[in-house]
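Just so you know, all these numbers are worked out from the coordinates, no wet-lab data involved. None of these values were measured; they are calculated from a predicted model. Here Cβ is always computed from backbone atoms with ideal geometry, including for glycine, and neighbour counts include all displayed protein chains.
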Amino acid sequence: MTSELTSELGCMTLVSGLLDILREVNGDEVTGDLIYMNFHQKGEYFGEKIGKVKDPQTALKQFIEYIKFCFDIEIINENSKEKEYTADIRFKSCLIKDLCSNQGLSIKNPLCRSTHGLIEGALSFMTGKQVDLDISIVDMDICQGTIQFKKKRDIFHLI
């Protein structure tokens, strides 16, 4: 127990120190973008490990199962339309929130962008769709939001 606590404290001290430096040099917005992009790439890696799945509903369930070691996510509502699928989710536990609360950091900080990047990157890779996560409730007790799967945007209009 003591070694786990010491290890967690050491990791969080390192993370919060790096976060402080990044925020001081770049500001909150740029720091959040850097963290998002880093974890989006990590999410794509997770998505590749899980495998391609065309069905968003199946992909979401497989992803939730894959990351349950650090995020306990519950699907509370699903809606499927012609070419769009949305799911309301609730984070019953979250590694980022736990680390922040243990260090006395606000949970509304750039580290939360890591969760967005991870989820959007993995699910986008798995389904080949544009995935957007909107967290509408952020609280120390619960975070809740909506994941939306849409047809990928063709910004160059080549396809």
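Please report, in debye to the nearest 20, how large the charge dipole of the stretch 32-150 is about its Cα centre when each Lys and Arg carries +1 at its beta carbon and each Asp and Glu carries -1 there.
240
Please identify the trypsin sites (Lys or Arg not before Pro) of the stretch 26-96 that satisfy two criteria: DSSP loop assignment and at most 14 other Cβ atoms within 10 Å. Which are they?
52, 54, 68, 81, 83
Quick one: length gained pulling residue 66 to residue 29 fully straight, 0.36 nm per residue minus the C-alpha distance?
10.4 nm
Pull out the extension gain between residue 37 and residue 136, defined as 0.36 nm times the separation in residues minus the alpha carbon to alpha carbon distance; nm, one decimal.
So the chain would gain 33.6 nm between residue 37 and residue 136.
Using amide H atoms built 1.01 Å from N in the peptide plane, name the residues 5+ places from residue 73, or on other chains, whose amide H lies under 5 Å from its own.
Here the answer is 92, since their amide H atoms fall under 5 Å of that of residue 73.
Please label the shape of the stretch 38-79 as rounded, prolate or oblate, based on the square roots a ≥ b ≥ c of the eigenvalues of the alpha-carbon gyration tensor (a/c under 1.5 means rounded; beyond that, a/b larger than b/c means prolate, else oblate).
Oblate is the answer for the stretch 38-79, as a/c is 1.5 or above yet b/c matches or exceeds a/b.
For the stretch 53-152, which chymotrypsin sites (Phe, Trp or Tyr not before Pro) are in a loop by DSSP, counting at most 10 other Cβ atoms within 10 Å?
69
For the modelled label position 7 Å from the Cα of residue 83 along Cα-to-Cβ, which residues of the stretch 121-137 have backbone nitrogen atoms closer than 15 Å?
128-131
What ranking of 120, 65 emerges when the number of other C-beta atoms within 10 Å of each C-beta is taken as an exposure proxy, fewest first?
Ordered from fewest to most neighbouring Cβ atoms within 10 Å, 120, 65 come out as 65, 120.
Where the centroid of each part is defined by its Cα atoms, how far is the stretch 115-150 from the stretch 39-112 in Å?
Using only Cα atoms, the two centres lie 6 Å from each other.
Run down the lysines and flag those whose C-alpha is under 28 Å from the C-alpha of residue 152, throwing out any fewer than 8 positions away in its chain.
The qualifying lysines are 42, 49, 52, 54, 61, 68, 81, 83, 129.
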